[in-house]
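J.: Quick one: the structure is below, questions incoming.
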Amino acid sequence: MEVIGDATLYLGDCEEILPDIGFVDAVVTDPPYPDYLVDLYGEADINFINQFECRKFIFWSAKSDFPLNYSAIHIWDKKTGCGSEYERIFEINGNKQYKVFRYYLINSEVSAKYTNDVWTGHPSQKPIKLIEKIILMFDKSINIIFDPYMGSGTTGVASINLGKKFIGIEREQKYFDIACKRIEQAERQGDLFMQKNNHEQLKLNINK
């Protein structure tokens with residue numbers, strides 16, 4: 001387990017670590033899809049997510065059946081220029097109206113630079129701005145975001161950027177290490193931002 005500021009990160013299988021998680025306000029996650037890279041990641045059984053009675057956003061394949069009950073289906077339009085390339089985002093215990101999120105696919109250094117993002121090398125990386133948009137849909141009382149399939153830490157970075165606490169689980173050492181570095185950097189940037197604001201506020205108070 002790594003604790004980095006407001007983030008608590010676990011390396012291992014999510015179902016084995018779940019008893020240590022405790023209370024969370026919301027789940028935002030991108031589990032392995034049943035029709036994508038199955039040889040590499042296997043097929044995830046996400047039924048355990050039902051034990052969390054909070055609001056949830058779960059990314060899922062455009063083609064495969066979703067195994068859980070849900071309140072709305074949102075669309076991530078990847079803006080690839082290749083027709084209707086998209087993924088679905090299932091919302092649970094939330095709104096019933098669907099939304100379309102239009103954010104460019106991040107799959108290379110070039111696409112990441114174009115959208116002011118970073119390329120981590122993860123095969124199913126999500127745009128940081130897309131995850132931030134989802135988190136901003138939550139009520140302000142939502143403070144602890146959980147991602148049991150953390151990958152390279154995009155949900156964690158988005159949570160820290162928006163002043164939320166984050167709990168993440170990742171089973172691959174490579175991506176766990178990347179997530180730790182990204183979240184640590186987000187924490188540092190947040191600290192620098194607060195220091196700058198405090199310094200500017202101090203100057204204003206002195207000049208009054």
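J.: So what J values fall out for segment 105-111 if you push phi through Karplus, 6.51 cos²θ - 1.76 cosθ + 1.60 with θ = phi - 60°, rounded to Hz, Gly and Pro as x?
T.: The phi angles translate into 5, 9, 9, 6, 4, 5, 5 Hz.
J.: Okay, moving on. When the Karplus curve 6.51 cos²θ - 1.76 cosθ + 1.60 is applied with θ = phi - 60°, which whole-Hz ³J(HN,Hα) does each residue of segment 58-64 get, with x for Gly and Pro?
T.: Calculated HN-Hα couplings, in order: 10, 6, 8, 4, 6, 10, 8 Hz.
J.: Something else now. What is the distance, in nm, between label points placed 7 Å from the Cα along the Cα-to-Cβ direction at Tyr41 and at Lys129?
T.: Computed distance between label sites Tyr41 and Lys129 equals 2.3 nm.
J.: List the residues, sorted by chain then number, that are 5 or more residues from Phe166 or on another chain and whose placed amide H is less than 5 Å from its amide H.
T.: Counting only residues 5 or more places away or on other chains, the set is Ala7, Thr8, Ile145.
J.: With contacts defined as alpha carbon pairs under 8 Å and 6 or more residues apart, what's the relative contact order of segment 1-58 in percent?
T.: Across segment 1-58, relative contact order equals 33 percent.
J.: I've got another one for you. In the full protein assembly as shown, how much of Val157 is accessible to a 1.4 Å probe, in Å² to the nearest 10?
T.: Probe radius 1.4 Å; accessible area of Val157 about 20 Å².
J.: Amide H neighbours of Phe101 under 5 Å, counting only residues 5+ apart in sequence or on other chains, H built in-plane at 1.01 Å?
T.: Ile75, Trp76, Asp77
J.: Could I ask something else about it? Which one of Thr154, Thr115, Thr29 has the biggest mean-square fluctuation once the chain is modelled by GNM with Cα springs under 10 Å?
T.: Thr115
J.: For segment 132-175, what relative contact order do you get, as a whole percent, if you take Cα pairs closer than 8 Å and at least 6 residues apart? Walk me through the intermediate numbers first.
T.: Numbers: 48 pairs, mean separation 18.8, N = 44.
Result for segment 132-175 is 43 percent.
J.: So which trypsin sites (Lys or Arg not before Pro) in segment 19-116 end up in coil per DSSP with only 10 or fewer other C-beta atoms within 10 Å?
T.: Working: sites: Arg55, Lys56, Lys63, Lys78, Lys79, Arg88, Lys96, Lys99, Arg102, Lys113; in loops: Lys63, Lys78, Lys79, Lys96, Lys99.
Taking segment 19-116 and a limit of 10 other Cβ atoms within 10 Å, the loop trypsin sites (Lys or Arg not before Pro) found are Lys96.
J.: Would you please give the residues with an amide H less than 5 Å from that of Ser71, counting only those at least 5 places away or on a separate chain, with H modeled from the backbone geometry?
T.: Those qualifying (amide H under 5 Å, at least 5 residues apart or on another chain) are Glu91, Ile92, Asn93, Gly94.
J.: May I ask you to evaluate 6.51 cos²θ - 1.76 cosθ + 1.60, the Karplus curve with θ = phi - 60°, for each residue of segment 87-103 and list the ³J(HN,Hα) values in order in whole Hz, giving x for glycine and proline?
T.: The phi angles translate into 10, 9, 10, 8, 9, 10, 6, x, 6, 9, 7, 8, 10, 10, 9, 10, 9 Hz.
J.: Could you sort out which of Lys78/Lys126; Lys99/Lys126; Lys96/Lys164; Lys56/Lys126 sit more than 19 Å apart by Cα distance in this structure? Each step should come with its number before you reach the end.
T.: Details: Lys78/Lys126 10 Å; Lys99/Lys126 17 Å; Lys96/Lys164 25 Å; Lys56/Lys126 16 Å.
Among Lys78/Lys126; Lys99/Lys126; Lys96/Lys164; Lys56/Lys126, the Cα-Cα distance tops 19 Å for Lys96/Lys164.
J.: Ok, one more. Give me the number: length gained by fully extending Trp119 to Leu162, i.e. 0.36 nm times residue separation minus the C-alpha to C-alpha distance, one decimal in nm.
T.: Details: separation 43, 0.36 × 43 = 15.48 nm, distance 2.05 nm.
Gain on stretching Trp119 to Leu162: 13.4 nm.
J.: Between segment 107-163 and segment 1-26, what is the C-alpha centre distance in whole Å?
T.: Between the Cα centre of segment 107-163 and that of segment 1-26, the gap is 17 Å.
The values are calculated or read from the model by the stated rules, or taken from the named source; none is laboratory data. On a predicted model such as this, the values are computed, not experimentally measured, just so you know. Cβ: placed from backbone, ideal geometry, glycine included. Neighbour counts: every protein chain shown. With ligands, DNA and RNA removed, areas are computed over all heavy atoms of the protein, side chains included. Shrake-Rupley method; radii C 1.70, N 1.55, O 1.52, S 1.80 Å.
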